[in-house]
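The values are calculated or read from the model by the stated rules, or taken from the named source; none is laboratory data. Everything quoted here is computed from the prediction, not taken from an experiment. Ideal geometry is used to build each Cβ from the backbone, glycine not excepted, and the neighbour counts take in all protein chains shown.
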Amino acid sequence: MTQPLASLRKSLACAHPAAACETIALGAPALDRRLGGGILRAALHEAYAATAADASAATGFALALARRAMASAEKPLLWARQEALIAESGAPYPPGLADIGLNPAAVAFIRVRDAKEALQAGAEAGRYAAVGATLIELFGEARAYDLTASRRLALAAAAAGAPIFIARVSASPAPSAAASRWLVRAAPSRALAANAPGSSVFAIFLLRQRGGAAGHAWRVEWNRDRGAFEDRTFDAPSLSRPVVSLPVGGAPDEVAPQTAGRKFG
């Protein structure tokens, strides 16, 4: 059988033991085929939000990927977040995490002052096999996150066999050791009965994939019950404004201006 080009490239790029090349499927068959099976498990991955308005989308996408990574492992998620982001979009909201499919009790949240502390916390956590996945949120250009820092995180992920996700807000993509790099925006949701807001939908663009194809765009919906993404790229009916589950924020009745309908964070 002919091997898909993306999968072949990834196989050739993985010159190390099979465990280092294990992938995390996103759940949508066509999307996973394009990715050559999924994203690498023991690696660093980046999700970019071009503006603060899409911060929740980038974080939600990274958390959903972490949920996929932790699906078969009873291990916690470590989440390190800069104080600047807490002031911008609020603190983690347990019902929002549950809506993504994460057990809030299995999330260890670390509040840090700056990017340097966030990276240190993430690198330390990433070295331990007891952690199922690590999420680091950075605000702005974050000079501390340079090529050296990204390599340190990539090595930590490889050593522990668990992914480290970086969610970057209001920052420009820059060279790094990340195995994949995504640009993420909130996308229109499919309406439910009575025109109620539907599940979280993300517009994602693959900027980089190590050993695979990049430059592709999709619109994906997060299915909480399946714990998987579904490809909605060609769906036509949708709400007029973007809706995305927000795992961060204040009380549930506080609706952020960039969202429509319900709020989960």
Within segment 199-209, considering residues that are farther than 25 Å from Arg127 by Cβ and buried (at least 20 other Cβ atoms within 10 Å of the Cβ), the one modelled with the lowest pLDDT: Ser200
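Within segment 32-45, can one find any residue that is among the small types (Gly, Ala, Ser) and closer than 13 Å to Ala162 by Cβ? Full working, then the answer.
So the first thing to find is which residues in segment 32-45 are among the small types (Gly, Ala, Ser), and the list is 36-38, 42-43.
Among the residues that remain, those that are also closer than 13 Å to Ala162 by Cβ are: 42-43.
There is at least one residue in segment 32-45 that is among the small types (Gly, Ala, Ser) and closer than 13 Å to Ala162 by Cβ.
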Only one of Val107, Val169, Val112, Val131 is on the phi < 0 side of the Ramachandran plot and touching a residue at least 60 places away in the same chain (Cβ under 8 Å). Can you tell me which? Val169
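Restricting to segment 26-45, name every residue that is closer than 24 Å to Ile136 by Cα and among the aliphatic types (A, V, I, L, M).
Filtering segment 26-45 down to residues closer than 24 Å to Ile136 by Cα leaves 26-27, 35, 38-45.
Result: Leu26, Leu35, Ile39, Leu40, Ala42, Ala43, Leu44.
When you scan segment 38-102 for helices (runs of 4 or more DSSP H) that lie fully inside it, which ones turn up with 3 or more residues that are crowded, with 24+ Cβ neighbours inside 10 Å and β-branched (Val, Ile, Thr)?
Working: elements: 55-69, 83-89, 94-100.
It comes to none.
Would you be able to say whether some residue in segment 164-174 is among the aliphatic types (A, V, I, L, M), closer than 20 Å to Gln82 by Cα and surrounded by fewer than 21 Cβ atoms within 10 Å (Cβ to Cβ)? Even if it seems obvious, please write down each step before you answer.
Start the filter on segment 164-174 by keeping residues that are among the aliphatic types (A, V, I, L, M), which leaves 164, 166-167, 169, 171, 174.
Imposing the further condition that a residue be closer than 20 Å to Gln82 by Cα reduces the set to 164, 166-167, 169, 171, 174.
From the residues that got through so far, the ones that are surrounded by fewer than 21 Cβ atoms within 10 Å (Cβ to Cβ) too are 171, 174.
Yes, the conditions are met somewhere in segment 164-174.
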Mind checking which pairs have a first residue in segment 184-195 that is touching a residue at least 24 places away in the same chain (Cβ under 8 Å) and of a type in the set (Ser, Thr, Tyr) and a second that is part of a loop (DSSP other than H, G, I, E, B) and surrounded by 16 or more Cβ atoms within 10 Å (Cβ to Cβ), Cβ under 7 Å, 6 or more apart or different chains? Ser189/Pro197; Ser189/Gly198; Ser189/Ser199; Ser189/Ser238; Ser189/Leu239; Ser189/Val243
Taking segment 175-187 and keeping residues modelled with pLDDT of 95 or more and crowded, with 22+ Cβ neighbours inside 10 Å leaves Ala178, Ala179, Ser180, Arg181, Trp182, Val184
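Name the single residue, out of those in segment 134-154 being in contact (Cβ under 8 Å) with a residue 40 or more places away in the chain and hydrophobic (A, V, I, L, M, F, W, C), that is surrounded by the fewest Cβ atoms within 10 Å (Cβ to Cβ). Steps first, please.
Applying the first criterion (in contact (Cβ under 8 Å) with a residue 40 or more places away in the chain) to segment 134-154 yields 134-140, 150, 153-154.
Narrowing further to those that are hydrophobic (A, V, I, L, M, F, W, C): 135-136, 138-139, 153-154.
Working: Leu135: 25, Ile136: 31, Leu138: 25, Phe139: 25, Leu153: 24, Ala154: 22.
By that ranking, first place goes to Ala154.
A quick yes/no check of all residues on (1) farther than 18 Å from Val220 by Cα; (2) at pLDDT 90 or above; (3) among the β-branched types (Val, Ile, Thr):
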residue	(1), (2), (3)
Ser7	yes, no, no
Ile24	no, yes, yes
Ala30	no, no, no
Thr51	yes, no, yes
Ala58	no, yes, no
Arg68	no, yes, no
Pro94	yes, no, no
Go through (1) more than 22 Å from Ser200 (Cα to Cα); (2) at pLDDT below 95 one by one and return the number of the condition Tyr145 breaks. (2)
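Of all the strands (runs of 3 or more DSSP E) wholly in segment 169-234, which have at least 1 residues that are touching a Ser or Thr at 6+ places or on another chain (Cβ under 9 Å), farther than 21 Å from Asp54 by Cα and among the polar types (S, T, N, Q)?
Filter on segment 169-234 gives 201-209.
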